[in-house]
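Peer 1: Before I ask anything, here is the structure I am working with.
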Amino acid sequence: MTNLVRICVVGGIVLAAAGMAHGQMYFTDRTAFEAVAGSGLSYEGFEQDWASPVPTVVFPDFTVSETGSGSNNLLAQVRNYTTSYRDVFITEGTGALYFDDNGSSVGTFFSFTSPITAFGMDIAVYGENSTVAIGGSVSDSLALTHNTPSFWGVIDFGGITTITLNPSGGPDIGFDAALYGQAVPVPGAVLLGMIGLSLAGVKLRKRA
C-alpha cells in the first residue's frame, strides 16, 4: 500500500469518526443501521391494543402524538381486527401503530423521555405514494411507495429528543418494529489504534 493510500485511509477513519460524533447519519437499511448502532438498543413492536383512536399513545420510553386536528387520530392496528387492508403497516408480530389522516394533518411526532442517539423503524403509507418529511431533532425525508413498508433510521450522537413525520398528500402512515436508545460509537482507543497501525505500516515500509 502506498503512503498516499495509507494517508487516505487514515483520513477516512478520522472523517468517519468526526461524522459519527457530530453529524446525523441516516439509514434505509435495517441491517446497516444495526451494525453501526450496536446491539444495545431497545425494541418496541406496538403489539398492545389500546383503546383507539386517541390523540396520544404512551410507551415506556416515549410518547407518540398527532399534530393535526382532532379528527386525525392514532390507532392500534391489530391484524384483521379493524381494517385488514392496513395490515401492510404490520411488518412483525400482530400489531402496529398507525395515524389515520383525514387530509389536513401535519403529521405525528415521537417525543422521548430522555435524549437518545439512535432510532429506526419500519414505515409504510396507505392511500398513495408519498414523501414523508422528517423533522424535530433531525432533518431528512423518505420517499415511500403505497403499501410498501420501508426502513428508516437515524444516528446522532448529539442527541435526539423528538422526531416528526409529515406525509405529503394525506395518506395514512403506519409504524412498526422500532429500535431506539443509545448507539455505541467507535471507541477512541480503537480509533487511535487503527490510526497507529496504519502510520506504523507507513514507517515500516520506509525502512524495508
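Peer 1: With an 8 Å Cα cut-off and a minimum separation of 6 or more residues, compute the relative contact order for the stretch 24-184 in percent. Show your work: numbers first, answer last.
Peer 2: On the way: 435 pairs, mean separation 51.7, N = 161.
About 32 percent, as a whole number.
Peer 1: So what is the diffusion coefficient of the stretch 24-184 in µm² per second by Stokes-Einstein at 10 °C and 1.306 mPa s, using a Kirkwood Rh over Cα pairs? Please report the intermediate quantities before stating the final value.
Peer 2: On the way: Rh = 15.4 Å.
It comes out at roughly 103 µm²/s.
Peer 1: Determine the sum of side-chain charges near P171: Lys and Arg each +1, Asp and Glu each -1, restricted to other residues whose C-beta is under 10 angstrom from that of P171.
Peer 2: Details: positive: none; negative: D101, E128, D172.
Taking every Cβ under 10 Å from that of P171, the sum is -3.
Peer 1: Could you derive backbone 3J(HN,Hα) for the stretch 151-164 from the dihedral phi with the Karplus parameters 6.51, -1.76 and 1.60 (θ = phi - 60°), listing whole Hz in sequence and x where the residue is Gly or Pro?
Peer 2: For the stretch 151-164, the Karplus curve yields 8, 9, x, 9, 10, 8, 6, x, x, 10, 10, 9, 9, 10 Hz.
Peer 1: May I pose another question? Enumerate the calculated ³J(HN,Hα) couplings along the stretch 30-39 in order (Karplus 6.51 cos²θ - 1.76 cosθ + 1.60, θ = phi - 60°), each rounded to whole Hz, writing x wherever the residue is Gly or Pro.
Peer 2: So the Karplus estimates, Gly and Pro as x, are 5, 4, 5, 4, 5, 5, 7, 6, x, 9 Hz.
Peer 1: So who's got an amide H within less than 5 Å of the one on F62, skipping anything under 5 residues away but keeping other chains? H placed 1.01 Å off N, in plane.
Peer 2: T113
Every number in this text was worked out from the coordinates using simple rules, so none of it is lab data. Note that the structure is predicted; figures quoted are calculated from it, not measured. Here Cβ is always computed from backbone atoms with ideal geometry, including for glycine, and neighbour counts include all displayed protein chains.
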